[in-house]
1. Please work out if Gln191 is of a type in the set (S, T, N, Q) and farther than 30 Å from Thr83 by Cα.
2. Given the conditions (1) in contact with a helix residue (DSSP H, G or I) (Cβ under 6 Å, 6 or more places away or on another chain); (2) at pLDDT 80 or above; (3) assigned to a helix (DSSP H, G or I), report the number of the one that Ala103 does not fulfil.
3. Residues in segment 191-208: is at least one surrounded by 12 or more Cβ atoms within 10 Å (Cβ to Cβ) and in contact (Cβ under 8 Å) with a residue 24 or more places away in the chain?
4. Say we look at segment 175-234 and pick out the residues that are small (Gly, Ala, Ser) and part of a helix (DSSP H, G or I); which of these is farthest from Lys78 (Cα to Cα)?
5. Residues in segment 146-172 that are more than 30 Å from Leu104 (Cα to Cα) and of a type outside the set (D, E, K, R): how many?
Amino acid sequence: MPDSIASPNGHDRAADRAAINRANAQKSTGPRTEAGKQRSSLNALRHGLTGQVIVLPTEDLAAYQRHSQSFMDEYQPKGANETQLVQSLLDTAWQVNRAATIALNLLTLGLTELEDRIRVSHPEAEAGLVLALAYREHDRAYINIGIQRQRLSRQYERTLGLIREVQAERRANEQRQLDNASKILKMHKDQNLPNQPAIYNPADDGFVFSTAEIETHLGREERRQQANAHDFEAHA
């Protein structure tokens, strides 16, 4: 099928429609009503990895971003797998906190709705009875929220355990690789004149570390060995 259809007088109708659409888009000022703005705001709140709306329009996007960054700073994921796990962890934590907020808001709503139904002479007793009535009136909702929080908490613990396992395995592998790279670099130095060392490229041996990173590791290992020797002599 052709991309456009020419009219009998030679005009390209598809091109005309495209020009009209572009002109209308330039005139658009976006949603004007509060409801329209709220729906439009969802575009900025969608999860960057899956397109899922994780932050509700009533929630603070900046707070979620700070929440996310704090988890990323703490766990410092490397690679797609670790990043996905940490993202899942922080999103689950956000939802756990949201469930707690919903439960508190539901209780506040119940107190507001029921405060005129109980009248006793003692203010504290009255507040306690209104609180009990609010729980009784919304007991099914509280149960559902509690179940949801428990499910999310279990998911959080499973994800946290998996992150620790994956990162421990990755760090152990990095340590082995650094140890091997350090041995090769030391051999390389020993086989060349001290004042004329040949340039060593770790990538030639399949390492992803830079020479500077290996040198830093060597320095730390030497200081660790010196500290162990010093400790041994101090207690001899």
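1. Details: of a type in the set (S, T, N, Q): yes; farther than 30 Å from Thr83 by Cα: yes.
It is true that Gln191 is of a type in the set (S, T, N, Q) and farther than 30 Å from Thr83 by Cα.
2. (2)
3. Yes, some residue in segment 191-208 is surrounded by 12 or more Cβ atoms within 10 Å (Cβ to Cβ) and in contact (Cβ under 8 Å) with a residue 24 or more places away in the chain.
4. Taking segment 175-234 and keeping what is small (Gly, Ala, Ser), we get 181-182, 198, 203, 206, 210, 212, 219, 227, 229, 234.
Narrowing the set further to residues that are part of a helix (DSSP H, G or I) leaves 181-182, 203, 212, 219, 227, 229, 234.
Numbers: Ala181: 20, Ser182: 22, Ala203: 19, Ala212: 20, Gly219: 24, Ala227: 31, Ala229: 35, Ala234: 40 Å.
Checked segment 175-234; the qualifying residue farthest from Lys78 (Cα to Cα) is Ala234.
5. At the first step, the residues of segment 146-172 found to be more than 30 Å from Leu104 (Cα to Cα) are 162-172.
Retained after the next criterion (residues that are of a type outside the set (D, E, K, R)): 162-163, 166-168, 172.
Within segment 146-172, residues that are more than 30 Å from Leu104 (Cα to Cα) and of a type outside the set (D, E, K, R) number 6.
The values are calculated or read from the model by the stated rules, or taken from the named source; none is laboratory data. Remember, predicted model here, so these are calculated numbers, not experimental data. So basically every Cβ, Gly included, is an ideal-geometry build from the backbone, and we count neighbours across all protein chains shown.
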